[in-house]
Amino acid sequence: MTLGKIVFWVFLKKLLIFGMTNYVKGTCELFCPEMEAKLRIKERLLHYYELKNGEKNVPGQLVKSFARSAAGIKAPRAKDLRTEHCLQKTVEYLLKDIILDKRRPFYSVYDFIFDRLRAVRQEVVMQNYDERQTLRLLEPMVMFLAYSRYRLCEEPLDNFDSKICNQHLQECLKRVLCCYDDIDVNIYLVFNLETLDALNRALSLPKEVSKSEIFNLAHQIAMNFWHGNIYRVFVGIKRLPHILSAIAALKLQTLRRKIYLAFSYAYSSKQLVVPADFICKLLLHENLADVFADCKYYNIEVNVDKLSLRFSKTDFNSAATVLKEKHEIFVDKKMEKIYLPEILLLKRLKLENKDIF
């Protein structure tokens, strides 16, 4: 358990000790409670996306920021906590208006939305929302974190920390899955191909969930991975809709390495070659240049005519780490066809051009 979590649970204990067995219900209808807004305006602690038209020190639409709970802090007041309706409108504002703001790079947009959504999650706990209330607020967060994890995968650490994003995505997924196993179990499956927990959970789902075409595809991908049928995993990933395809694409570099290594054992003979075009299509590369770059990295021989590859288990660079995740053209093409807020707010999912919602 992290220090932040320990402090938070100490805070909750203190509330119980002082007799606060009933959770405080928020009454604030503003995106940012009045007390915090006044303080941050006075101290000039406004984020760029809270400035009116980007003008320095000119307040625009403020949104409550995340603040770590600390021992000794006063119990929250109802007027400092937002109502459920206000929290929903806050999430919609962030994932409709802010996420489409192109004045700054997306990692700046991500940082702001990430922090403000974290504040929403904090209030979900503080107000002890039930499963229905929690789902409405957390499911869009799962979609946002999943999308951002792919969108920012090529950014340097200074701009984006993938480990922190992974951690919060997992936390949101597990919290959502405790409430309701439906849409997000699909993300959980493809995001956790390497873990049996995700597969075991999928096997125990009710029949009404398992009838979903998207779920069945995600489940098949996970099963094929554990059976070692990586070819079928690649085929399945290409069929996944937008966000699911993006999350699955983060696993491609690991899967490609597995294929290269397997071919190095299966075709380790001077008489055997593998067509470069076949490898390109199999591994979902857009062009042969990407295949040749992989070959150079893993020390796989490219024939002079550049039409075929020659594998060798002795020459394969097994010490080479998995290549860094990158944007995949087939995923980007899917992303170009969607209206992002509609997808993040779970208005519609598609599988092979057929509407699911």
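The values are calculated or read from the model by the stated rules, or taken from the named source; none is laboratory data. Keep in mind that this is a model prediction, so the values were computed, not measured. Every residue, glycine as well, gets a Cβ built from its backbone with ideal geometry; the counts of neighbours run over all protein chains shown. Accessible surface is based on the protein model in full, side chains and every heavy atom, while ligands, DNA and RNA are left aside. Shrake-Rupley method; radii C 1.70, N 1.55, O 1.52, S 1.80 Å.
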Among the residues listed as ASN216, ASN224, the single one being closer than 28 Å to SER308 by Cβ and not aromatic (Phe, Trp, Tyr): ASN224
Scan the stretch 219-237 and report the pairs whose first residue is more than 16 Å from LYS258 (Cα to Cα) and free of Cβ contacts under 8 Å to residues at least 40 places away in the same chain and whose second residue is crowded, with 18+ Cβ neighbours inside 10 Å and β-branched (Val, Ile, Thr), with Cβ atoms within less than 8 Å and a gap of 6+ or a chain change. GLY236/ILE221
Only one residue in PHE18, PHE11 is at pLDDT below 95 and surrounded by 12 or more Cβ atoms within 10 Å (Cβ to Cβ). Which one? PHE11
In the stretch 100-179, which helices (runs of 4 or more DSSP H) lie fully inside it and hold 2 or more residues that are modelled with pLDDT of 95 or more and either β-branched (Val, Ile, Thr) or surrounded by fewer than 18 Cβ atoms within 10 Å (Cβ to Cβ) (or both)? 106-126, 162-179
Under 6 Å between Cβ atoms, which residue pairs at least 6 apart in sequence (or on different chains) link something in the stretch 39-52 that is free of Cβ contacts under 8 Å to residues at least 60 places away in the same chain and within 22 Å of TYR107 (Cβ to Cβ) with a partner that is among the β-branched types (Val, Ile, Thr) and open to solvent by less than 80 Å² (accessible area, probe 1.4 Å)? LEU51/VAL58
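Could you please let me know if VAL63 is open to solvent by less than 50 Å² (accessible area, probe 1.4 Å) and outside any loop (DSSP other than H, G, I, E, B)?
Considered against the rule, which asks whether it is open to solvent by less than 50 Å² (accessible area, probe 1.4 Å) and outside any loop (DSSP other than H, G, I, E, B), VAL63 comes out as no.
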Whether any residue in the stretch 286-293 is out of contact with any helix residue (DSSP H, G or I) (no Cβ under 9 Å at 6 or more places or on another chain) and of a type outside the set (A, V, I, L, M) is what I want to check. no
Quick one: count up the residues across the stretch 264-316 that are of a type in the set (A, V, I, L, M, F, W, C), outside any loop (DSSP other than H, G, I, E, B) and either open to solvent by 30 Å² or more (accessible area, probe 1.4 Å) or farther than 30 Å from VAL331 by Cα (or both). 7
Restricting the stretch 317-336 to residues that are open to solvent by 50 Å² or more (accessible area, probe 1.4 Å) and free of Cβ contacts under 8 Å to residues at least 40 places away in the same chain, the one nearest to TYR260 (Cα to Cα) turns out to be ASN317
Checking HIS327 against (1) part of a helix (DSSP H, G or I); (2) within 19 Å of the chain's Cα centre (by Cα); (3) modelled with pLDDT of 95 or more, the condition it does not meet: (1)
